[in-house]
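Step one of this worksheet: look at the structure below.
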Amino acid sequence: MQDKKQVVFSGVQPTGKITLGNYLGAIKNWRPLQEQYQCIFCVVDLHSLTVTQVPAELRKNTMDLLALYIACGLDPDVSTLFVQSHVHEHAELAWILDTVSYVGELNRMTQFKEKSRKHADNINMGLMNYPVLMASDILLYQTDLVPVGKDQVQHLELARNLAERFNSRYSETFVVPQGLVPKTGYSIKSLQDPSAKMSKSDPNENAFVALTDSKEDIRRKLRRAVTDCGSEVRFSPDKPAISNLLTIYCLSSGESVEQAEQRFAGKGYGDFKSAVADAVIAMVEPIQEEQKKLLQDKAYLESVLKRGAESASKTAAKTLAKVYRKVGLVPASR
Ligand code: TRP
């Protein structure tokens, strides 16, 4: 008998712009996983509601992100691509998991504390509940592996704890998932401050490159990127800004750090930055074109959503029924 493929689950929020950091650190690495694993990629729209959204924008961003997934090579014929709110079990399992989550542990989450500071006027329960909903996303599909960036490791740890806690309280129910943190452990930093992560919510537009930025914007932002002392293009802890640009260059062009250092030996920061821009543009242009094409074919995107939701619902319903049974809820007669 053929071994059952391991399940991979991941998701991105449809909130505004997807940055180069999101792409290089996450989505780009998902594509090759499709060959080896049964992959489920979700547009996590319910998570987005934890900060204030403009409804029409959320709708648009959701379709944009779905099209982007496909443009980035996530194949709806191979993997399950779907929108979180289309599978009602996510919210329902989150409720059950809430009952095994402690206020204290959610209150301690780094991201909750950060977002509470940033959105002090809207510290809603959803913000605190965010990691429980994320655990529900993961556990519903009996996920083995979760590709996540460093900033999500704490949330994944919570998902593992909740799975183990539930299993020990109610008997074996959930697979305890493992993280799939990128081997190189890189993360893409802000172009204006290499000690901060590149973030799409950065108020300074020059701090990040969005995957949808025009060529001119990409060139301008990279030209304005901060650099370090000296003039040498070298990967080193005392050159955090140049190292970040080198990382972007290497991941975009496919060159190794050594190759890149050789290529830019004796050249100044200016030449280097324009080469980084060329590499980034060469990488994002075909994705932008494909995304644009896909967004014009609404019927196709709708069909992808329908198929994705149907496929995801099957597994989700099975898991939720099992959970409801284990906790003692009387099954509904049908
Ligand atoms: N919290 C994740 C982020 O902001 C997004 C997310 C939601 C997610 N549910 C998930 C990631 C499940 C992996 C698995 O990046």
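The values are calculated or read from the model by the stated rules, or taken from the named source; none is laboratory data. Note that the coordinates shown come from a computational prediction; the quantities given were computed from them, not determined experimentally. Positions of Cβ are backbone-derived with ideal geometry, glycine not excepted, and every protein chain shown enters the neighbour counts.
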Matching option when the condition is at negative phi, of a type in the set (Val, Ile, Thr), surrounded by 15 or more Cβ atoms within 10 Å (Cβ to Cβ) and part of a loop (DSSP other than H, G, I, E, B), among 132, 146, 175: 175
Quick check: is even one residue across the range 224-239 at pLDDT 95 or above, under 24 Å from residue 70 (Cβ atoms) and aliphatic (A, V, I, L, M)? no
Pair list, Cβ under 9 Å, 6 or more apart: the range 11-35 residue without any contact (Cβ under 8 Å) to a residue 60 or more places away in the chain, other residue part of a strand (DSSP E or B) and away from the ligand (no atom under 11 Å from the Cβ): 14/83
Which one of the conditions (1) within 14 Å of the ligand (Cβ to nearest atom); (2) surrounded by 14 or more Cβ atoms within 10 Å (Cβ to Cβ); (3) on the phi < 0 side of the Ramachandran plot does residue 232 fail to meet, given that it meets all the rest? (1)
Only one of (1) in contact (Cβ under 8 Å) with a residue 12 or more places away in the chain; (2) assigned to a helix (DSSP H, G or I) is not met by residue 168, so which one is it? (1)
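State yes or no: is residue 162 touching a residue at least 24 places away in the same chain (Cβ under 8 Å) and within 15 Å of residue 279 (Cα to Cα)? I'd like the intermediate steps shown before the answer.
Numbers: touching a residue at least 24 places away in the same chain (Cβ under 8 Å): yes; within 15 Å of residue 279 (Cα to Cα): no.
Spelling it out, it is not the case that residue 162 is touching a residue at least 24 places away in the same chain (Cβ under 8 Å) and within 15 Å of residue 279 (Cα to Cα).
Look through 214, 252 and report the one residue that is touching a helix residue (DSSP H, G or I) at 6+ places or on another chain (Cβ under 8 Å) and of a type in the set (Gly, Ala, Ser).
Unique residue meeting the criteria: 252.
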What do you reckon, is residue 261 in contact with a helix residue (DSSP H, G or I) (Cβ under 8 Å, 6 or more places away or on another chain), surrounded by 15 or more Cβ atoms within 10 Å (Cβ to Cβ) and not aromatic (Phe, Trp, Tyr)? yes
Residue check, residue 127 against (1) under 20 Å from residue 148 (Cβ atoms); (2) assigned to a loop (DSSP other than H, G, I, E, B), all met but one. Which one? (2)
Quick test of your reading of the structure: residue 123 fulfils all but one of (1) buried (at least 18 other Cβ atoms within 10 Å of the Cβ); (2) at pLDDT 95 or above; (3) aliphatic (A, V, I, L, M). Name the failing condition by number. (1)
Quick check on this structure: which one of 187, 199, 214 is small (Gly, Ala, Ser) and either surrounded by fewer than 14 Cβ atoms within 10 Å (Cβ to Cβ) or more than 16 Å from the ligand (Cβ to nearest atom) (or both)? 214
Pull up the range 132-152, narrow it to residues that are touching an Asp or Glu at 6+ places or on another chain (Cβ under 9 Å) and free of Cβ contacts under 8 Å to residues at least 60 places away in the same chain, then point me to the one that is farthest from the ligand (Cβ to nearest atom). 132
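Looking only at residues that are part of a loop (DSSP other than H, G, I, E, B) and not acidic (Asp, Glu) in the range 1-15, which one is farthest from the ligand (Cβ to nearest atom)? Even if it seems obvious, please write down each step before you answer.
Filtering the range 1-15 for residues part of a loop (DSSP other than H, G, I, E, B) gives 1-6, 13-15.
In the following step, the residues that additionally are not acidic (Asp, Glu) were identified as 1-2, 4-6, 13-15.
Numbers: 1: 29, 2: 26, 4: 20, 5: 18, 6: 15, 13: 5, 14: 10, 15: 9 Å.
Checking each candidate, the answer is 1.
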Within the range 312-334, work out how many residues are assigned to a helix (DSSP H, G or I) and either over 18 Å from residue 92 (Cβ atoms) or without any contact (Cβ under 8 Å) to a residue 40 or more places away in the chain (or both). 4
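Listed here are the residues, each with its yes/no results for (1) within 15 Å of the ligand (Cβ to nearest atom); (2) part of a loop (DSSP other than H, G, I, E, B); (3) within 13 Å of the chain's Cα centre (by Cα).
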{"position": "17", "(1), (2), (3)": "yes, yes, yes"}
{"position": "27", "(1), (2), (3)": "yes, no, yes"}
{"position": "34", "(1), (2), (3)": "no, no, no"}
{"position": "50", "(1), (2), (3)": "yes, yes, no"}
{"position": "56", "(1), (2), (3)": "no, no, no"}
{"position": "65", "(1), (2), (3)": "yes, no, yes"}
Kindly check whether there is at least one residue in the range 95-117 that is on the phi < 0 side of the Ramachandran plot, without any contact (Cβ under 8 Å) to a residue 12 or more places away in the chain and within 13 Å of the ligand (Cβ to nearest atom). yes
From the residues in the range 153-180 that are under 13 Å from residue 106 (Cα atoms) and under 18 Å from the mean Cα position of the chain (by Cα), which one is nearest to the ligand (Cβ to nearest atom)? 155
